[in-house]
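This report refers to the structure that appears directly beneath it.
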Amino acid sequence: MCPLEKGVRGIETSESGYLREQIRGGRKGRAERQGLGQSPIEKNQAPRKSKARLSFSLSFHYICKLAQMYGAYGMVIDDDCTDKNGERMKLNITALTVKSLATALVALTLTVAALGQPRAAKAEGRMSAQKVESISNCILIDAVQKYEDGDYAGAKTILTAILSKEPGNDAAWYYRAMCNVRLKDGAASEHDFKEAVRIDSTNYWYRYMLAGLYGMTGRKDLTISMYESLLKDFPKRSELYYGLANLYLDQHQDDKALETINDIETQFGKSDATVMTKVNILRGQDKPEEVYKTLHEYNEEYSSPQIATMLGDYEISMYNDSSAIAYYDEALSIDKNYSPALLGKAEAYRMTRKYPEYFVCLNTLMGDREASPEGKANYIQAVLKQSDPRFVKSFQNQFDSTLTIAVNTHPKDTSILQATGLYYLATERQSRSAEIFKSVAKDNPDNLEATAYYIQVLIYMKDWQKVVDESDSALVRFPDEIGFLEMANAGEYNLKNYDKVIRNCRTMIDKAPGDSATTVAALSTMGDMYHQLGDMKSAFKAYDMVLKIAPDYIPVLNNYAYYLSVEKKKLKKAYAMSKKTVEAEPDNATYLDTFGWILYLQGKALEAKPFFKHAMLYGGKESATILNHYATVLEALGESDLAKVYRQQAKNKEAQGLE
């Protein structure tokens, strides 16, 4: 996508970027909370601009329609209307009046941006009466109408014809530039905007939209220069401050951004958003003291739960627990359900081990229907993950109540239900967990994640037949999701249905043609399953196919080498493959065992011993096979007493089922 295409939407609006989106109106100050008036920035709200745009759009289409319907016949339009007091009014509009009004309206709209910016002042380029007369034939009206209707090519054709006769018509240049923007012709747009500016440099919107074009096409320096120039001529234009601040931030000119934000606050009043932007800049400059000062000064003048909460967070980071709680309480006095303050206060109590107070705050948060259920779920999961299991176990009844409140507050929210299911799983109540995940999956049959969660819980519970059944059912709803085939394979393998695993692997390869990662994994599994079935010829064939695609695929190199050693065939080939695995993962006990065993079979018991000794340090003592191999090597070296020790350990592991 070309830069111009990406930016078409951006050039239509006089609001810009993150800061403008955030600054919709200042927080009311303490005086204002007592009814002493509106803050300056609230008087410059974006919704006012939207209302003006709607009014323009309706008026334009209504009047043009009247002109088209009645203009040619000189008819008189009588229509009943009702005023705001319910009184009946009469409209008596002649065709001449309609046409004149339509022409005047277009003349007015030529001083604003094409999609309904606020009316420009006289100093910003109001059209002259002579120009109105020059377009009395409504040609320009037709062009504007076509633009409004989305016929940008048609509008451009009309405007080009006008300019061929009136090259000094700045409005025609402007609208043709807007057409070129829509038609994604950046060079032509720039040329036409520049012509409009050259003819009438006092028109705000001509210059503003040219600056927007520079921004759309990635020329930030030119955009900044234009904004700075505009700000000198139009110092009351709020969108210039917002746009310029964002441009400075984008260019990492933090000091200039701070200066501009200060200007915004001077001109239009402070707000949470201006303060937050300043705080983020100061944080990036590693100025914690100025961050605190900025927050504190704002909090002294304005009532803001967001800022009070941030001050609480700062205090708790400084281990000032009582001060932190005081700020959280201040935030909650403004908004009793302000979630960040509730969460901050709860965490302050948890960190200071005031657990009764902690659960009171936590339960209040969980019962707030306005708070984000996803945020609640994420917090619960974070607490469970980070806390000592003994803490969760000690307060299991309290956590049960907390999760019950959350579920009752959001009974159908999947994130809350899944967090609850994971909680029950973590507290060893697997059946209850499975019931919740099953319910979520049933209520959300088209939710892939919900279905996957349920099957993963079944895998955790080792309910292999249900794993297979639910995976097969999921594949009916999600036929292209290969992950469910892998889950089904986990069940089939543990049910010893090795042939079905092979079938599923073939399906995986068919569903992902050209996906080498899927093909390699599927062929590797097929080789392992052929080994389980005793078909070593097919197993080695599958492994060869894997290594042809991925010569360094470690799992296959190890298995292939080990199975060759078991058959005592092609030991040189086995040695070469196994050597790659221990070089890639020198602390992997399984790979160390394979390589050491091949060395032993080659008559190199002394060389093999260090690899087994190293394997003992990294989990080898948990495998009966590795312990037996090490004992055999020690016996070959005449270390019979030590060999007996490892042989006995191997028997103990076999008794435990740890092969």
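The values are calculated or read from the model by the stated rules, or taken from the named source; none is laboratory data. All values reported here derive from a predicted model rather than from experimental measurement. As a convention, Cβ positions derive from the backbone with ideal geometry for all residues, glycine included, and neighbour counts pool all protein chains shown. Calculation scope for accessible area: heavy atoms of the full protein, side chains included, ligands and nucleic acids excluded. Shrake-Rupley method; radii C 1.70, N 1.55, O 1.52, S 1.80 Å.
For segment 339-383, filtered to residues that are assigned to a loop (DSSP other than H, G, I, E, B) and of a type in the set (Lys, Arg), the residue that is least open to solvent (accessible area, probe 1.4 Å) is 354. Name the residue that is nearest to residue 563 (Cα to Cα), counting only residues in segment 514-535 that are open to solvent by 60 Å² or more (accessible area, probe 1.4 Å) and touching a helix residue (DSSP H, G or I) at 6+ places or on another chain (Cβ under 8 Å). Checked segment 514-535; the qualifying residue nearest to residue 563 (Cα to Cα) is 532. For segment 536-547, the criterion of being open to solvent by 10 Å² or more (accessible area, probe 1.4 Å), β-branched (Val, Ile, Thr), part of a helix (DSSP H, G or I) and at pLDDT 95 or above is satisfied by no residue at all.
Tell me which residues, restricted to segment 608-646, are within 17 Å of residue 590 (Cα to Cα), open to solvent by 70 Å² or more (accessible area, probe 1.4 Å) and among the charged types (D, E, K, R). Of everything in segment 608-646, those that are within 17 Å of residue 590 (Cα to Cα), open to solvent by 70 Å² or more (accessible area, probe 1.4 Å) and among the charged types (D, E, K, R) turn out to be 613, 621, 622. If you filter segment 501-513 down to residues that are of a type in the set (A, V, I, L, M, F, W, C) and surrounded by 19 or more Cβ atoms within 10 Å (Cβ to Cβ), you find that the one that is nearest to the chain's Cα centre (by Cα) is 508.
Residues in segment 384-416 that are touching a residue at least 24 places away in the same chain (Cβ under 8 Å), open to solvent by 30 Å² or more (accessible area, probe 1.4 Å) and of a type in the set (A, V, I, L, M, F, W, C): 384, 395, 405. Condition first: surrounded by fewer than 19 Cβ atoms within 10 Å (Cβ to Cβ), of a type outside the set (D, E, K, R) and more than 24 Å from the chain's Cα centre (by Cα). Now tell me which residues in segment 277-293 satisfy that. Those that are surrounded by fewer than 19 Cβ atoms within 10 Å (Cβ to Cβ), of a type outside the set (D, E, K, R) and more than 24 Å from the chain's Cα centre (by Cα): 285, 288, 292.
Have a look at 428, 449 and point out the one that is at positive phi and open to solvent by 30 Å² or more (accessible area, probe 1.4 Å). Being at positive phi and open to solvent by 30 Å² or more (accessible area, probe 1.4 Å) holds for just one of 428, 449, which is 428. Hey, could you check segment 228-266 for residues that are part of a helix (DSSP H, G or I), more than 21 Å from residue 216 (Cα to Cα) and out of contact with any helix residue (DSSP H, G or I) (no Cβ under 7 Å at 6 or more places or on another chain) and say which is most open to solvent (accessible area, probe 1.4 Å)? The qualifying residue most open to solvent (accessible area, probe 1.4 Å) is 232. Inspect all residues belonging to segment 552-572 and state whether any of them is outside any helix (DSSP H, G or I), among the hydrophobic types (A, V, I, L, M, F, W, C), modelled with pLDDT of 95 or more and within 30 Å of residue 511 (Cα to Cα). The answer is no; no qualifying residue exists. Scanning segment 218-227 for residues that are within 31 Å of the chain's Cα centre (by Cα) and buried (at least 19 other Cβ atoms within 10 Å of the Cβ) yields 223, 224, 227.
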